[in-house]
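Chemist: If you scroll down you'll find the structure; I have some questions about it.
Bear in mind that the values in this text are calculations on the coordinates, not laboratory data. Just so we're clear, the structure is a prediction, and the values are computed from it rather than from any experiment. Cβ placement follows ideal geometry from the backbone for every residue including glycine, while neighbour counts extend to all protein chains displayed.
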Amino acid sequence: MPPPPALPPDTVPSSSRASHVLRPHHILLLWILFAGIQIIEENVFPQQFTLAVHRLLLDEIAEVKPPRSYWDLLADIKKAAASDHTGNAKELVQAMTKLPHAFRTPDDLANFMKSTEDLFHDIEDEDWRRSLFGYFAHRCYVSFAKLSIAAVARLHRDFLDWLKFKADARFVTPPGYAPIRKNLITNDYQIFKTKYDKRDYATTDTYTLFMKGLITGDSNVANEGLRRFFEQRFHEGSDSGLRQHAMLNLARMYYLRRETVACRKTLEEAITTARTAGDNATLQHCTSLLHRLPLLPTERGKKPIINEIQPQMHPLEILYDAKKLLRVEHQQPLTAAYEKVMQAVGLYDHYIDVQGGLFLESEQYAQHAVQSIIWNFFGCSELARIEEDIVSSFTEYGSDDNTRLTVTLNRAYYKARQGKYTASIATLLEPDVWRGLSLADYNLWAGEIWHILILRASRRGHQRQLKDYLIPRRPDTEFYNRDYQWDKEHLVGSIIRDPLHEVFIMRKADHAHTCVDQLLTALWHAEYQGRYGLYRTAVVMLADIGLEFGMTKWCRRILDEVMPQVISENDLEQKGYALFTLARCVIAAGDSSPEALKESLTYLEEAERCFVELEMFSAQMDVQFMLSVVHHNLGDETRRDEAAERHEQTRLKRDQEHATIVEEWIEETLQLVADIGSAIASR
């Protein structure tokens, strides 16, 4: 996911800010300040209670999140006062519960606001200590002094209604929190009006509308909210100078929705506007996002553009360069991608500590998610799991964090590759995984569930379920047919995987010896780029083909060299194929001697266990057939018959599964995925 656009420059002078609007929770916070915060020498409350009240007030006065209700604040105060043995804190709680009686009339409210003058000192003295609480009290006092008599009465009424309000503020607007629009003719809620109290200045409400459209995938709502936001009055000038920010936000929306043509066109316009305005920061963001887009058809064959570190560059852009270098067709070793990750880590520290960039938790742990992917390509899955654990441990549950989602999806797919299909699906269906997703991230989540079901169906041989049910219901996700089926036409676009796929196809036709050149080329690329997972598979395939040329001892030697890596990595599919091939090499190299046959039994039994766990019925039958042949040659008829019986049971199960069109639990799973998508789009 691209980094959020940089904040627009502060072009609004302090004199032209939108006037402060008093809300009911401001009165409650002032009352807590007045009654609960005292001079240290005269403080009658316990230290722990005073600390809790300070934290609560700081959290609410900062206004970094929607204001909490009276009942929530009262519950926190009660919890803090529970450990008070003097009774003073409990008296404060009792007084707080009787607030409706203390503010019976507007005159009571006016008298209270008059008494708040004691909370601040309206003097110009540089030596006097400043306080956030004092600034807050002074601002509320001035805002109240400007109110008309009718406005004071309305504020009093809203405050009493707010004290009784218990509904969820996310769905019902609390009393006193409706938007206030300035009207030059009927602006009667202020008795003292300044020049700027008669005009509407920019607010974040319309940008919130844009973000809602972005999350729910409603382009009409998003476009309208963005247009209305940047059409507001930001300052007294005729041109806001922020048009490039509007274009960047719009391009980012197109990028998340993978509308690359519209994104490219919008970015080109944004770059021109940013250059005209002299906005170097926005220009850098637009250029970096443009470099993320896939190459045009006329640019096919060109190398990707790698960013150079520049003052205004966001660390995630350098981190995204690692993804470009991970593409196998660019023929770069994985160490180049790892070097980019280290550059991104250093730039992130500089971005936060020196440039004063906005700290986001997801950006801090993004480099760990990328490292986990690189370690998987290296063939070191244990190191990848460590990096994933770091992200899972220190990021928020149920959030919209794309970094956490990426790690969760990768972990679930790895678990599915190890044969734990239902467990991986159950992990992804946990509410903590999907409840905070945007529609763009929902497509990634739904696509991963679909890929796991496709993987299971292809391994079990469910061709009817695969072609007639799952593929027609593919979500908006990338899909290469060669990932799951033997396909002669649709290439993956990899200089390593495509040749290996061709070798497997020719092997099924007993013509693998014609593809030795392709196999050796793929083997060289895998070793050069450091993709040791694919390298091990290629070595096993080379040994498999070498048996056809009678190179039995050489085949066993290269397998003996690579088997420690295969065993330690414990990829069950690769491990089962390697053990089956090794058993055949042992038998061929030993000229089918009793010692060679006995040695191969250990490998064959372990290979059978791997394929049983993966539910790969065809491969399982091949191993069981070989086991029965080995036992027959050793003269062990009892174990031969047991292997033959297991072979027959596997064949019957394969045929039964092949006749199944759709399983009930898979149908229920996809229906649940669709219902979740509908809920996300309609919220």
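Chemist: Dipole of the range 201-295, Cα-centred, from +1 at each Lys and Arg C-beta and -1 at each Asp and Glu C-beta, to the nearest 20 debye?
Modeler: Details: 12 positive and 10 negative charges, 70 e Å.
About 340 debye.
Chemist: Give the separation of the Cα centroids, the range 285-345 to the range 646-676, in Å.
Modeler: 41 Å
Chemist: Would you mind ranking Phe165, Phe229 so that the residue whose beta carbon has the fewest other beta carbons within 10 Å leads the list?
Modeler: Working: Phe165 18, Phe229 21.
The order, fewest Cβ neighbours first, is Phe165, Phe229.
Chemist: Between Ile558 and Glu648, how high is the FRET efficiency from 1/(1 + (r/R0)^6) when r is the Cβ-Cβ distance and R₀ = 56 Å? Nearest 0.05.
Modeler: E(calc), rounded to 0.05, equals 0.95.
Chemist: Quick check: the distance between the Cα centres of the range 364-442 and the range 466-520, to the nearest angstrom?
Modeler: Taking the Cα centre of each part, the range 364-442 and the range 466-520 sit 26 Å apart.
Chemist: Quick one: putting +1 on the C-beta of Lys and Arg, -1 on the C-beta of Asp and Glu, what dipole do you get for the range 497-661 around its Cα centre, in Debye to the nearest 20?
Modeler: 260 debye
Chemist: Let me know the charge dipole size of the chain about its Cα centre in debye, to the nearest 20, where only the beta-carbon of Lys, Arg (+1) and Asp, Glu (-1) is charged. All intermediate terms of the calculation are to be shown ahead of the outcome.
Modeler: Working: 80 positive and 96 negative charges, 388 e Å.
Around 1860 debye, computed over the chain.
Chemist: Exactly which chymotrypsin sites (Phe, Trp or Tyr not before Pro) in the range 527-580 are in a DSSP loop and have at most 12 other Cβ atoms within 10 Å?
Modeler: Sites meeting the loop and neighbour criteria: Phe549.
Chemist: On a 22 Å Cα-Cα criterion, which of the cross-link pairs Lys415/Lys653; Lys212/Lys415; Lys78/Lys166 come out too long?
Modeler: In this structure, Lys415/Lys653; Lys212/Lys415 lie more than 22 Å apart at Cα.
Chemist: Follow-up question, since we're still on this one. Under the rule of -39500 (n - 2.57) per DSSP H run of 4 or more residues, summed and divided by the residues of the chain, what mean residue ellipticity at 222 nm is obtained, to the nearest 500 deg cm²/dmol? Provide the component values of the computation, followed by the final result.
Modeler: Values: 31 runs with 435 residues, N = 683.
Value at 222 nm, helices only: -20500 deg cm²/dmol.
Chemist: Report, to the nearest 10°, how far helix 334-353 tilts away from the longest principal axis of the Cα atoms in the chain, using its own Cα long axis and a range of 0 to 90°.
Modeler: Here the helix axis deviates by roughly 10 degrees.
Chemist: Can you work out the FRET efficiency for the pair Ser131 and Glu63, with r the C-beta to C-beta distance and R0 = 22 Å, to the nearest 0.05? Before the final figure, lay out the partial values.
Modeler: Working: r = 16 Å, r/R0 = 0.74.
So the FRET efficiency works out to roughly 0.85.
Chemist: For helix 617-633, what angle does its Cα long axis make with the longest principal axis of the chain, in degrees from 0 to 90 and rounded to 10?
Modeler: 30 degrees
Chemist: Among Phe45, Pro174, Ala81, whose Cα projects farthest towards the positive end of the dipole of the range 19-180, with charges put on the beta-carbon of Lys, Arg (+1) and Asp, Glu (-1)?
Modeler: Pro174
Chemist: Which of the lysines could be linked to Lys553 by a straight reach, that is with a Cα gap under 18 Å, when you skip same-chain ones fewer than 8 residues away?
Modeler: Within the straight-line limit of under 18 Å, Lys553 reaches these lysines: Lys598.
Chemist: What angle do you read, to the nearest 10 degrees and between 0 and 90, between the alpha-carbon axis of helix 439-460 and the longest principal axis of the chain?
Modeler: On a 0 to 90 degree scale, this one is about 20.
Chemist: Could you tell me which residue out of Pro472, Leu627, Gln574 lies farthest along the dipole of the chain toward its positive end? Charges go on the beta carbon: Lys and Arg +1, Asp and Glu -1, centred on the Cα centre.
Modeler: Highest projection toward the positive end goes to Pro472.
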